[in-house]
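Have a look at the structure below before the remarks.
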Amino acid sequence: MAKTILIVDDNAYIRLALCGLFKRESDFEVCGEAENGKEAIAKALELHPDLIVLDLSMPVMNGLDAARELKRLMPTVPPLSRARAWVRS
């Protein structure tokens with residue numbers, strides 16, 4: 001059975017790219033998306049994903065604060081935080 005994943009990022013293009021990556025893998029199924037940490041908490045409680053991929057820098061509630069709250073509310077679901085990498089040319 002595929003593991004369900006919630007993708008959380010304020011950038012729609014990043015969410016689309018991450019969803020595309022996970023959809024190519026038969027072991028994963030994207031069950032939902034959120035634009036900020038507050039929305040992520042609500043969606044996680046509704047969808048009960050196996051994994052949550054969080055951006056660290058988001059408006060409303062950042063990924064670090066959301067991960068802390070998610071860990072408190074859903075201790076068995078591992079939040080995977082990711083930061084944007086900027087390359088200066």
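For every residue, the table says whether it meets (1) of a type in the set (Phe, Trp, Tyr); (2) over 18 Å from Pro75 (Cβ atoms); (3) part of a strand (DSSP E or B).
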| position | (1), (2), (3) |
| --- | --- |
| Leu6 | no, no, yes |
| Arg15 | no, yes, no |
| Cys19 | no, yes, no |
| Ser26 | no, yes, no |
| Ile41 | no, no, no |
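Residues are listed down the side, and each one gets a yes or a no for (1) modelled with pLDDT of 90 or more; (2) of a type in the set (Gly, Ala, Ser); (3) buried (at least 16 other Cβ atoms within 10 Å of the Cβ):
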position	(1), (2), (3)
Thr4	yes, no, yes
Ile7	yes, no, yes
Glu29	yes, no, no
Asn36	yes, no, yes
Glu39	yes, no, yes
Leu45	yes, no, no
Val53	no, no, yes
Met58	no, no, yes
Gly63	no, yes, yes
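The values are calculated or read from the model by the stated rules, or taken from the named source; none is laboratory data. Remember, predicted model here, so these are calculated numbers, not experimental data. Cβ sites come from the backbone with ideal geometry, for glycine too, and all protein chains shown count toward neighbours.
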